[in-house]
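Enquirer: Attaching a single structure in structure tokens format; questions to follow.
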Amino acid sequence: MSKRALFAFAAVFAVGLVGLMVAATLNRTSEAFTLGVVPGGPLARLGSERELCQKPIEVIETFERVTLQVGTFARAGQPFLLDVREVTSGRSIVQARVEGGYADNAVHAVTLASAVPKGAKVAVCVRNLGDRPIAPYGNVGLSNQTSAAYQDGRQIDGDMALVFLRAEPATVLGLVPTIVDRASLFHGAWASVATYWVLLVVLLVGPPLLGGFAVRAAFTDTT
Amino acid sequence: MSTESLEREIHGAPKEGHAPLNRLPRAPAALLCLLAASLVLGCGWALIVPPFQAPDEFAHVAYVQSLANRGDLPGDPARPLQSTEEQVAAGAANAFQTAQQLLVKPEWSRQRYERWRAEDERLGKHARTDGGGPNAASSNPPLYYLWLVPAYKATSGGDFFARLSAMRLATVPLLLLTVTATWLLAGTVFGPRRPYQLAAASVPALLPMVTFVSGSVNPDPLLYALSAFVLWLGARVILRRGGAADVVALCALAGLAVLTKATAYALLPAVAFAVLVGAWRARRGVRRIVVIALAAAATFAVVVAPWFVIARVNDRPASGQLVGAGPASDVNVRELTSYVWQYYLPRLPFQAEYAPLGNYPQAYETWFKKAVGAFGWLEVRWPSTVYAGLFAVWLALVVAAVVALTRRRRTVDWMLLAFFATAVISLLAGLHWSEYRIAESSGALLSQGRYLFPLISLPGLVAAAALTTVPVRHRATALGAFVGGLVVLQMFAIGLVVTRFYV
């Protein structure tokens, strides 16, 4: 009786574990990190040669593409330059030009010529290269607390909605080390990355083992 | 309740030739393993969920901090709703922005974390004591928050998030109490049969939403534990398995539940029912019934009275959530009835549509979906097909339980069923009453599936009853699959939450 219970438990768990691994492998994400700003509407109207920057941005993960939404006031899209700069020196790290002709409120995934490395502190700037205005999307200034939007060098009340993407999508399974690193933050000074690796192992092994013991004991316990 | 009866309850009937031992009973191995699994999962949830990404955790933490650092209850309108320390910490973790917003992630930057630590060290002593204002939790009774004060104090040398983690971890043992009470209840209802007890106790032990809530700072887990013990003791009283001590314990625990959250008032009709049925079944005359009822009421009063006095002296509501909405005289009974009807059943031609109700049936949306999976601030959900699959499993369990009940209709104790039904109906009535009154002023339905968890032992009994219908030769397989399925559900739930917050 207890063997049957244990076998059924183990079989269901094994199927579930395989399912979990498959899901973690199939579930892929391109997102390296985000400012967490919901694109609620046009943030600023940029005339010709005007620019909007979001800074300072800590590069938490290396990225090679940037997603942003741009409004064009019901006109054909204007060309713009996406420039990633060092915050302190203002030196351009990498740029990408987006050609005009796109639809109003289009979402662009702009590919940069090279990756921006993890650990850098950057400004991401959008410069209008066309004749007619464009408006990058963003939201109110509280959306991101560590950076702010600047229009032509002057801080404005708002944040640009930027999402930073990897060159290639990563699987959730492949991101486990990153997940452990991120989860260990803001849980107390004792919560190191090593602690969270141990927690991961305990969570993967403990409940199934103990659940199996419980099921077995339910049929063998004679107390 | 004597040690011997507790011994029998936990261990089963003593073996022939063995007298009951006059010592604390040894817990069954199956229960211990289940409790250990539950403990691991509860701690896992406590340490995985980002700070404040559980319902109203800001407010509950502020309550504890007010008690621990100011020695006073929160709710002073002249004070900020949370301390500077909590506000700075929540800001650093990007907690306010992340709440309910799937597109927004908590702070992942180690540099930002280190900056916060430096900033936190610069905060003066007053940063912990300048909270104490009114917030979503300040009208709650204080019992749960008092439970957390030692954990908070013990880690007061640590940073804010260490204390938050300590408070979450201090909540996890309450889950173990709920599991134990459910085990005992199943033992009372089905006899001391381990497979049925395990099936029942696995529900609170392994259902992801229960462990998620029990791994956060929230008074609900204490309410779940106390309610589960109330159900167990109520069942004992009705079945006359206990004595006067059970009645006293039942009423004392009901009083403690009331000191935890106003929702507990919904338990009182069931408690009264159990006391009266137990007294009536003692068949010692009306006078005896009156004496028992008065003793029960006195016990309850002794437990809750100090809080009512303190609340009165401090000019604050003793049962905030009961009186928080508009006056009861404003209630449109016809509309209230229509709202409750449409919550569960198709709207009738003569009924006006009740605007705040969402997708039909609202009961499925709120009670079921939010009970089996609405993590974070309710925004972290399973795909619809998962809810449908889980609902099919739940329906199968209910149908099997009804079959079991029908088969045993001649031996079943209908008063026990009436006791459980009273608990369910009064809780639902209280929740609907409260939700309707809030919806009238805000236009929104605010009930959540976890509000039903004070009765989480009852779905456990449903699972155990369903197991009785399985042919004996397949029973072990069914139990193994059921418990294994719940563990798998846990794994996926943790994966779901991790993906939402850290990917």
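Enquirer: Using a simple spin-label model with points 7 Å from Cα along the Cα→Cβ vector, what separation in nm is obtained for B:Ala154 and A:Val107?
Expert: 4.7
Enquirer: For the Cα atoms of chain B, what angle does the longest principal axis make with the long axis of helix B:110-122, in degrees from 0 to 90, nearest 10?
Expert: The two axes meet at around 80 degrees.
Enquirer: Hey, for a label at B:Gln111 modelled as a point 7 Å past Cα toward Cβ, could you say which residues of segment A:30-49 have their backbone N under 16 Å away?
Expert: A:33-35
Enquirer: In segment A:187-206, which residues have a backbone nitrogen under 20 Å from the label point lying 7 Å from B:Glu121's Cα in the Cα-to-Cβ direction?
Expert: Inside the label zone: A:187-193.
Enquirer: Distance in nm between label sites at B:Val333 and A:Ala194, each 7 Å beyond Cα in the beta-carbon direction?
Expert: 6.9
Enquirer: Per the helix-only calculation at 222 nm, which mean residue ellipticity applies to chain A, given -39500 (n - 2.57) for every DSSP H run of n ≥ 4 and division by its residues, nearest 500 deg cm²/dmol? Walk me through the numbers before you get to the answer.
Expert: Working: 3 runs with 61 residues, N = 223.
Rounded to the nearest 500, the figure is -9500 deg cm²/dmol.
Enquirer: What is the antiparallel percent of DSSP beta bridges lying wholly in the protein assembly as shown, to the nearest 5?
Expert: Restricted to the protein assembly as shown, the bridges split so that about 100 percent are antiparallel.
Enquirer: Let me ask something else. About the Cα centre of chain B, what is the dipole size in debye to 20, counting +1 per Lys and Arg Cβ and -1 per Asp and Glu Cβ, all else neutral?
Expert: 1780
Enquirer: When the helix-only estimate is applied to chain B (DSSP H runs of n ≥ 4, each -39,500 (n - 2.57), divided by the residue count), what is the mean residue ellipticity at 222 nm, nearest 500 deg cm²/dmol? Provide the component values of the computation, followed by the final result.
Expert: Working: 20 runs with 316 residues, N = 503.
That calculation yields -21000 deg cm²/dmol at 222 nm.
Enquirer: Moving on to the next point. Stick to the Cα atoms of segment B:48-174, pair each with every other, and give me the Kirkwood hydrodynamic radius in Å at one decimal.
Expert: Mean inverse Cα-Cα distance, inverted, gives 14.8 Å.
Enquirer: Run through all the Cα pairs of the protein assembly as shown and give the fraction in each 20 Å bin from 0, expressed as whole percent.
Expert: Final binned percentages: 16, 45, 31, 8, 1.
Enquirer: If you don't mind, another one. Just to make sure I understand: if all protein chains stay in place, what is the order of A:Ile93, A:Ile156 by accessible area at 1.4 Å, largest first? Don't skip to the end; give the middle numbers.
Expert: Values: A:Ile93 55, A:Ile156 30 Å².
My answer, sorted largest first, is A:Ile93, A:Ile156.
Enquirer: Using only the Cα atoms of chain B, what are the Rg and Dmax in Å?
Expert: 23.3, 74
Enquirer: Just how much of B:Tyr265 is accessible, in Å², when a 1.4 Å probe is used and the result is rounded to the nearest 10?
Expert: Approximately 60 Å² for this residue.
Enquirer: For segment A:145-167 and segment B:196-225, what is the centre-to-centre distance using only Cα atoms, to the nearest Å?
Expert: Going from one Cα centre to the other spans 42 Å.
Enquirer: Would you mind computing the Rg to Rh ratio of segment B:289-434 from its alpha-carbon coordinates, Kirkwood style for Rh?
Expert: Values: Rg = 20.6 Å, Rh = 19.7 Å.
Here Rg/Rh amounts to 1.04.
Enquirer: Based on the Kirkwood radius over alpha-carbon pairs, what is the Stokes-Einstein translational diffusion coefficient of segment A:72-223 at 20 °C with 1.002 mPa s viscosity, in µm²/s?
Expert: Details: Rh = 20.0 Å.
For these conditions, the coefficient is 107 µm²/s.
Enquirer: Separate question: Given Cα pairs under 8 Å that are at least 6 residues apart, what percent is the relative contact order of chain B?
Expert: Relative contact order, chain B: 20 percent.
Enquirer: Compute the whole-percent fraction of alpha carbon pairs in segment B:202-278 spaced more than 19 Å apart.
Expert: The answer is 39 percent, as a whole percent.
Enquirer: Could you pull the accessible area for B:Leu357 with a 1.4 Å probe, rounded to 10 Å²?
Expert: Rounded to the nearest 10, the figure is 30 Å².
Enquirer: Return the tail of the calculated pair distribution for segment A:143-223, meaning the percent of Cα-Cα pairs more than 21 Å apart. Numbers along the way, then the final one.
Expert: Working: 2032 of 3240 pairs.
The calculated P(r) of segment A:143-223 puts 63 percent of pairs beyond 21 Å.
Enquirer: Another question about this same structure. Please identify which residues in segment A:27-58 have an amide N closer than 15 Å to a label point set 7 Å out from the Cα of A:Leu142, following the Cα→Cβ vector.
Expert: A:37-38
Enquirer: Sticking to Cα atoms, compute the Rg of segment A:2-65 to one decimal and its Dmax as the biggest Cα-Cα distance, whole number, in Å.
Expert: Final numbers for Rg and Dmax: 23.6, 77 Å.
Enquirer: Provide, for the protein assembly as shown, the number of lysine pairs with alpha carbons under 21 Å apart, each pair being eight or more places apart or on different chains. Working shown, then result.
Expert: Numbers: A:Lys55/A:Lys118; A:Lys55/A:Lys121; A:Lys55/B:Lys105; A:Lys118/B:Lys105; A:Lys121/B:Lys105; B:Lys125/B:Lys153; B:Lys261/B:Lys370.
So the count of such lysine pairs works out to 7.
Enquirer: Given R₀ = 30 Å, what would the calculated FRET efficiency be for B:Leu32 paired with A:Val15, taking r from the Cβ atoms and rounding to 0.05?
Expert: E(calc), rounded to 0.05, equals 0.65.
Enquirer: Could you pull the accessible area for A:Trp197 with a 1.4 Å probe, rounded to 10 Å²?
Expert: Counting only protein heavy atoms, the figure is 100 Å².
Enquirer: Any idea how far the Cα center of segment B:130-184 sits from the one of segment B:411-426, in Å?
Expert: Centre-to-centre (Cα) distance: 33 Å.
Enquirer: With the convex hull built on the Cα atoms of segment A:1-132, state its orientation-averaged projected area in nm².
Expert: Value for segment A:1-132: 11.8 nm².
Enquirer: Dividing the Cα convex hull volume of segment B:340-381 by residue count, how many Å³ per residue is that?
Expert: In segment B:340-381, the Cα convex hull volume per residue is 68 Å³.
Enquirer: Based on the Cβ-Cβ distance from A:Ile156 to B:Ser442, what FRET efficiency comes out when R0 is 35 Å, to the nearest 0.05?
Expert: Numbers: r = 33 Å, r/R0 = 0.95.
Computed FRET efficiency for A:Ile156 and B:Ser442: 0.60.
Enquirer: Determine, from the Cβ-Cβ distance of B:Ala305 and B:Leu417 and an R0 of 41 Å, the FRET efficiency 1/(1 + (r/R0)^6), rounded to the nearest 0.05.
Expert: Values: r = 33 Å, r/R0 = 0.80.
So the FRET efficiency works out to roughly 0.80.
Enquirer: Please build a GNM for chain A, connecting alpha carbons under 10 Å apart, and tell me which residue among A:Pro133, A:Pro208, A:Pro79 fluctuates the most.
Expert: Comparing A:Pro133, A:Pro208, A:Pro79 in a Gaussian network model of chain A, the most mobile one is A:Pro208.
Enquirer: Whole number please: convex hull volume per residue, Cα atoms of segment B:373-496, in Å³.
Expert: 125
Enquirer: Label-point separation (nm) for B:Leu294 and A:Arg28, each offset 7 Å from Cα along Cα-to-Cβ?
Expert: Using points 7 Å along Cα→Cβ, the separation is 7.8 nm.
The values are calculated or read from the model by the stated rules, or taken from the named source; none is laboratory data. Note that the structure is predicted; figures quoted are calculated from it, not measured. Neighbour counts run over all protein chains shown; Cβ positions are idealised from the backbone, glycine included. Surface areas here come from the heavy atoms of the whole protein model, side chains and all, with no ligands, DNA or RNA. Shrake-Rupley method; radii C 1.70, N 1.55, O 1.52, S 1.80 Å.
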